[in-house]
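In what follows, a single structure is set out as structure tokens and then discussed.
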Amino acid sequence: MADFSPSPWSACPPLFDEIDHVEDGRQALCRLLLHVGKYGRTQSHRNLVIAGLSQLALHHRHWVRPIQDWRPTTRKPNDQFRELATHLLARYPVPPCLHSSWFENDPQEAAIQQGWFLHVAQGNNIRTANDLPF
């Protein structure tokens, strides 16, 4: 019997619209989708993981390693996403709580929290990050 469940990739067209304003953003998202589709697991938590990929593509200018070098070491999609974000953006360890920034629904709050992630990933202290709530 044929499987007519929606493909995880059905969420992709709107994601390209979201990153139109970023130079080379479409190409970065395309590279992410193809690479993660080949090596990662996106079948569970489909739209959440895929939406997180568009957020990573928004920051492609901050990538410190090429996507082609990433291979997952775990089978869980959320863990794979954390590994991917760390591979692409982190020169230093990032606390697990900051990884939720890639799944924030509010664009303004996402930008703030992703800024914290990038700040810490570059080796800076979280206490010196901008827009902290305290």
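What follows is calculated from the coordinates using simple rules that are stated; it is not laboratory data. Owing to the predicted nature of the structure, the values given are computational and were not obtained by experimental measurement.
Tabulated data for the structure shown
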| quantity | calculated |
| --- | --- |
| Among 114, 122, 68, residue whose mean-square fluctuation peaks in a GNM of the chain (springs only between Cα atoms under 10 Å) | 68 |
| Alpha-carbon centroid distance for the pair the stretch 14-38 / the stretch 81-134, whole angstrom | 20 |
| Among 22, 94, 49, residue whose mean-square fluctuation peaks in a GNM of the chain (springs only between Cα atoms under 10 Å) | 22 |
| Equivalent ellipsoid dimensions for the stretch 10-125 as semi-axes, Å, which come from the Cα gyration tensor, largest first | 19, 17, 14 |
| GNM top mover of 52, 37, 25 - the chain, alpha-carbon springs below 10 Å | 37 |
| Derived scalar couplings ³J(HN,Hα) [the stretch 123-134; Karplus, 6.51 cos²θ - 1.76 cosθ + 1.60; whole Hz; x for Gly, Pro] | x, 8, 7, 4, 5, 9, 6, 6, 6, 5, x, 9 |
